[in-house]
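Following: one structure in structure tokens, then a few remarks.
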């Protein structure tokens with residue numbers, strides 16, 4: 001049991017910090033909310049624990065292969 005706990009501890013130390021980082025995007029111009037899947041930081045950014053490929057809509061339709069997730073952003077399908 002102690003060997004298992006030690007192995008888990010060592011594995012946790014080896015995980016790169018980038019794997020633990022959240023994806024942060026700026027709020028789209030003219031929007032005070034965050035897109036679906038993101039949490040409002042109550043500032044000018046939104047964060048998500050999951051990496052999504054996002055592009056701003058700039059008031060136009062989403063490009064092919066992307067879906068509208070609101071708040072001025074499209075997310076890759």
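For the reader, a short list of remarks on this structure follows.
- Cα gyration tensor, the range 21-76 - rounded (a/c under 1.5), prolate or oblate: oblate
- Placing a label point 7 Å from the Cα of residue 29 along the Cα-to-Cβ line, the residues of the range 53-77 whose backbone N sits under 15 Å from it are 56-60, 72-73.
- Simple label model, 7 Å out from Cα along Cβ direction - residue 58 to residue 36, nm: 2.4
Just so you know, all these numbers are worked out from the coordinates, no wet-lab data involved. What you see is a predicted model, and the numbers here were worked out from it, not measured in a lab. With ideal geometry, Cβ positions are generated from the backbone for all residues, glycine too; neighbour counts draw on all protein chains shown.
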